[in-house]
Amino acid sequence: MTCEPACRRFRTYILALRQRWLYENQMMDMRCYEEQEQRMACHAMLRWVSKRGEISRVNVLNDCFNIWHAGPFATANGLRVGRHPLHQVQWSEINAALGDILLIMKTARFNFSRYILLPMGNHSKLSPADDNRTHYCLYTDDSFSILPKRHFNQAMSAFFACAKELGNFMETCDPVLRYPYEMSSNKVNSLSGLHTSDEETWTRAMKFLLTNIKWAVVWAAKHATERTQCDAN
């Protein structure tokens, strides 16, 4: 009888040890399971990155240069390009958008033959390749002066020439990535890209142009790590 309290304490101790062992064993199983899940997730991510590296580059460029649309306007990084009687867009916004688009074309790492691109935000310019002292201003305002609009259209003409040259080069190197809208001279999809009093037509032309430029982003991403060799350049 005297050993009964000692036996009960021993049984209690054994039961406590067993419960502790079960708990620690369960926690170990859970940690092993979590680590296994983590390893599987990491391996899956590595496989995805190795297979989708090219798509990843496209996504990065799309994040940096997001070309989309908002109603009647094409947009570059959320900035609208164009003017509409029902939606007056300030020239400061349009100028900034055009600067972003010029920067997009600059990232294509293509040597334009006729013009040098000078992306400088909402005061971007283009310069003839054979005359660095001459600058065409890719920005304007609401002033009534004819001179800023004339300079702006000179810049737009140079801008369209560069976009068309890049499109021709892309099609030569990779016919799958040809522009969806045909470009000729100052026109895209038969619409003039020069700014006139018919701002709705100009807005539609810019929407078509930016759609083409979006394809240039895809091409630039695809060939980002390649030294493309084409006789066309």
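The values are calculated or read from the model by the stated rules, or taken from the named source; none is laboratory data. Only a predicted model underlies this, so the values are computations on that prediction, with no experimental measurement involved. For neighbour counting, all protein chains shown are included, and Cβ atoms are generated from backbone atoms with ideal geometry for every residue, glycine included. What goes into the accessible areas is simple: the full protein's heavy atoms, side chains included, and nothing from ligands, DNA or RNA. Shrake-Rupley method; radii C 1.70, N 1.55, O 1.52, S 1.80 Å.
General observations
- Within-12-Å neighbourhood charge of LEU126 [Cβ basis; K, R +1; D, E -1]: +2
- Accessible area ranking (1.4 Å probe, heavy atoms, ligands and nucleic acids excluded), largest first, for TYR13, TYR115: TYR13, TYR115.
- Förster radius 25 Å - calculated FRET efficiency between HIS87 and SER197 (Cβ-Cβ, nearest 0.05): 0.90
- Exposure rank, largest accessible area first [SER185, SER192, SER124; 1.4 Å]: SER185, SER192, SER124
- Largest to smallest accessible area among TRP215, TRP202 [probe 1.4 Å]: TRP215, TRP202
- A crude spin-label estimate for the pair THR172 and TYR23, with each label 7 Å from Cα along the Cβ direction, gives 7.6 nm.
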